[in-house]
Amino acid sequence: MKDRSVFLDSNILLYVYSNNETIKQQISKQLIVKNYTVISTQVLQEVSNILSRNFKSDYSTIKTLLSECIQNINEVSI
């Protein structure tokens with residue numbers, strides 16, 4: 001059973017996929033695994049924009065990452 005409901009911001013999702021911040025990556029992953037996690041469509045859009053603009057990720061990479069987020073985390077429309 002999950003401990004509690006937690007709303008994730010874009011930075012937490014980005015840490016999960018970051019290889020530069022291993023401690024923050026581990027903490028973010030634990031937060032997701034141990035809790036009932038929720039994200040908004042706005043957070044997904046922010047993640048997409050950051051990956052596209054700051055990290056120059058291609059569309060297929062962004063699509064894969066967002067699909068994985070949607071499958072593993074509860075999405076809430078705002």
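Within the stretch 1-30, work out how many residues are in a helix (DSSP H, G or I) and either polar (S, T, N, Q) or in contact with a strand residue (DSSP E or B) (Cβ under 6 Å, 6 or more places away or on another chain) (or both). Result for the stretch 1-30: 7.
Taken over the stretch 46-63, the criterion of being more than 11 Å from the chain's Cα centre (by Cα) and surrounded by 12 or more Cβ atoms within 10 Å (Cβ to Cβ) is satisfied by 49, 50, 51, 52, 55, 57, 61, 62, 63.
If you filter the stretch 64-78 down to residues that are closer than 19 Å to residue 6 by Cα, surrounded by 12 or more Cβ atoms within 10 Å (Cβ to Cβ) and hydrophobic (A, V, I, L, M, F, W, C), you find that the one that is farthest from the chain's Cα centre (by Cα) is 76.
Each row is one residue, and each column tells you yes or no for (1) of a type in the set (A, V, I, L, M, F, W, C); (2) outside any helix (DSSP H, G or I).
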{"position": "33", "(1), (2)": "yes, no"}
{"position": "37", "(1), (2)": "no, yes"}
{"position": "42", "(1), (2)": "no, no"}
{"position": "46", "(1), (2)": "no, no"}
{"position": "52", "(1), (2)": "no, no"}
{"position": "57", "(1), (2)": "no, yes"}
{"position": "63", "(1), (2)": "no, no"}
{"position": "66", "(1), (2)": "yes, no"}
{"position": "71", "(1), (2)": "no, no"}
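Considering the stretch 1-41 alone, what residues qualify as being of a type in the set (A, V, I, L, M, F, W, C) and surrounded by 12 or more Cβ atoms within 10 Å (Cβ to Cβ)? If you could, list the steps in order and put the result at the bottom.
Kept after step one, since they are of a type in the set (A, V, I, L, M, F, W, C), are these residues of the stretch 1-41: 1, 6-8, 12-14, 16, 23, 27, 31-33, 38-39.
Those that are of a type in the set (A, V, I, L, M, F, W, C) and surrounded by 12 or more Cβ atoms within 10 Å (Cβ to Cβ): 6, 7, 8, 12, 13, 14, 16, 27, 31, 32, 38, 39.
Among residues of the stretch 43-54 that are under 16 Å from residue 8 (Cβ atoms), those with a beta-carbon under 7 Å from a residue that is among the β-branched types (Val, Ile, Thr) at least six positions away or on a different chain give the pairs 48/62; 51/62.
Throughout, read-outs are computed from the coordinates displayed, never taken from laboratory work. Please read these numbers as outputs of a predicted model, since none were measured by experiment. Glycine also receives a Cβ, built like all others from the backbone with ideal geometry; neighbour counts cover every protein chain displayed.
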